[in-house]
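The values are calculated or read from the model by the stated rules, or taken from the named source; none is laboratory data. This is a predicted model, so every value here is computed, not measured. Neighbour counts run over all protein chains shown; Cβ positions are idealised from the backbone, glycine included. Accessible surface areas use protein heavy atoms only, side chains included; no ligands, DNA or RNA. Shrake-Rupley method; radii C 1.70, N 1.55, O 1.52, S 1.80 Å.
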Amino acid sequence: MFFDILQNRCTEKGIKVTPLLLNLGLSKGNISKWKNGTLPNGEILIKIADYLDCSVDYLLGRTDNPEVNK
């Protein structure tokens, strides 16, 4: 579920997943782990959420609202 949400958010933002990972200093190998259901650690989740301008809860499927409470 995480990977599907990540992929959808990237599409909304006009970003591909692989360049996103490389921009964050992460390996492409994470893609296959996430496709298989593994979740990234908290630090990585925060980096991805910040990059995609959404909440960690949104990436984890805990809410349908991508907005960050600021």
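Key figures
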{"read-out": "Degrees between helix 2-13 axis and first principal axis of the chain (Cα, 0 to 90, nearest 10)", "value": "70"}
{"read-out": "With Cα atoms, 0 to 90° folded angle of helix 42-52 axis to the chain main axis", "value": "70"}
{"read-out": "Carbon plus sulfur fraction of accessible area for the chain, probe 1.4 Å, in percent", "value": "46"}
{"read-out": "Proximal aspartates and glutamates relative to Lys33, as straight alpha-carbon distance under 20 Å, when same-chain residues fewer than 8 apart are discounted", "value": "Asp4, Glu43, Asp57"}
{"read-out": "The chain, Cα convex hull volume normalised per residue, Å³", "value": "82"}
{"read-out": "Lys/Arg +1, Asp/Glu -1 at C-beta; the chain dipole; positive extreme among Gly14, Leu24, Gly42", "value": "Leu24"}
{"read-out": "Surface per residue (accessible, 1.4 Å probe) for the chain, Å²", "value": "65"}
{"read-out": "With all protein chains modelled, accessible area of Lys16 [1.4 Å, Å²]", "value": "150"}
{"read-out": "Residue-by-residue Karplus 3J(HN,Hα) for segment 23-39, coefficients 6.51, -1.76, 1.60, Hz, glycine and proline x", "value": "5, 8, x, 9, 7, 5, x, 5, 4, 5, 5, 5, 5, 8, x, 6, 9"}
{"read-out": "Net lengthening on full extension, Met1/Leu24 (0.36 nm per residue, minus Cα-Cα)", "value": "6.2 nm"}
